Amino acid sequence: MTSISSQLVLHPTVSQSIKLGSTTLGRDKLYRAVQYFARFLAWFFLSRGNKEQAARWNALKSHLALGRKLMRLGKPMEHLQAALRALQVYSAQETGEQITTIGRQLAYFGYLTYDAIVWANAVKFITLKPDTAQKVNKTSNRFWLAGILLSITHGLLKAGRLANEAKKLRSKSGEKDIGTEADRELKQRTLDLARSVTRHQFIIDILDVWIPAANLGLVNFNDGVLGIFGFITSVMALRQQWHIAAKK
């Protein structure tokens, strides 16, 4: 019995889950997945007239959203630092990518800064007038939308550059003076990995962009659709963090 318990408790999957949960980013992605699934379920039950179940899931969604805002209080500075680092690295070939990276990081800095004010007002640490609170929330969503749109633009630019580099590499595969075949294969694998990461982020951005757009009234998607979109992107990001935790 002790042996079975040890095998369960010390199982590599359990250990990896602990590693994932020990990181702020890992917990945030897990909470986000539950939050958006709860949003979907709240809509699902409400659409079928089950107000009691809808209220339960809606309360869970709201509390998780508020808790995630608390976890992100120091994050604006991370994005500001990332913007400054991107500003210091110049590459003529990647000027468009650099500009969109800086713009994206600054947009996320603005989004999370205003989001912190939304949290402070929600927990009654500060008191904003209803119209002021609405303006702050709208500004936060505008920054969020801008950040995702810049991320999409960055992804398109990077995907185009990587595709051109892969094409050039394939065109030189028959030449004998470009290095060893092993060298070329290593470069090809690196490019393939970079393209895969870029596509992964692009899919996340394409789905996530509708959430702030809906919050701003630019599109008319219901909570069920937005909940599923948010859940899918959360699981995608969580899987990425899972693989990172496995390497540690």
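Side notes on the structure shown:
- Against the criterion of being within 29 Å of Ala194 (Cα to Cα), surrounded by fewer than 20 Cβ atoms within 10 Å (Cβ to Cβ), modelled with pLDDT of 95 or more and out of contact with any helix residue (DSSP H, G or I) (no Cβ under 8 Å at 6 or more places or on another chain), Leu149 qualifies.
- Filtered by the rule that a residue be buried (at least 20 other Cβ atoms within 10 Å of the Cβ) and of a type in the set (A, V, I, L, M, F, W, C), region 223-237 gives Leu226, Phe229, Phe231, Ala237.
- Here Ala42 passes the criteria (1) out of contact with any Asp or Glu (no Cβ under 9 Å at 6 or more places or on another chain); (2) in a helix (DSSP H, G or I); (3) farther than 20 Å from Trp144 by Cα except the one numbered (1).
- Each residue in region 76-133 was checked for being within 30 Å of Lys158 (Cα to Cα) and part of a helix (DSSP H, G or I), and 37 pass.
- Selection count where residues are under 29 Å from Lys19 (Cα atoms) and of a type in the set (Phe, Trp, Tyr), scope region 193-238: 3
- Selection status of Gly67, small (Gly, Ala, Ser), more than 27 Å from Gly224 (Cα to Cα) and either outside any helix (DSSP H, G or I) or touching a Phe, Trp or Tyr at 6+ places or on another chain (Cβ under 8 Å) (or both): no
- Any hit, region 21-42, residues being under 21 Å from Gly110 (Cβ atoms), surrounded by 13 or more Cβ atoms within 10 Å (Cβ to Cβ) and modelled with pLDDT under 95: yes
- Residues (closer than 14 Å to Asp223 by Cα and over 19 Å from the mean Cα position of the chain (by Cα)) located in region 15-47: Leu41, Ala42, Trp43, Phe44, Phe45, Leu46, Ser47
- Selected residue (criterion: surrounded by the fewest Cβ atoms within 10 Å (Cβ to Cβ)) from residues of region 182-222 that are closer than 29 Å to Lys167 by Cβ and among the small types (Gly, Ala, Ser): Ala182
- Among the residues of region 48-63, those identified as part of a helix (DSSP H, G or I) and not aromatic (Phe, Trp, Tyr) are Lys51, Glu52, Gln53, Ala54, Ala55, Arg56, Asn58, Ala59, Leu60, Lys61, Ser62, His63.
- Hits in region 192-208 - residues which are among the aliphatic types (A, V, I, L, M) and under 15 Å from Ser234 (Cβ atoms): Ile203, Ile204, Ile206, Leu207
The values are calculated or read from the model by the stated rules, or taken from the named source; none is laboratory data. Remember, predicted model here, so these are calculated numbers, not experimental data. Backbone-built Cβ (ideal geometry, glycine too); neighbour counts: all protein chains shown.
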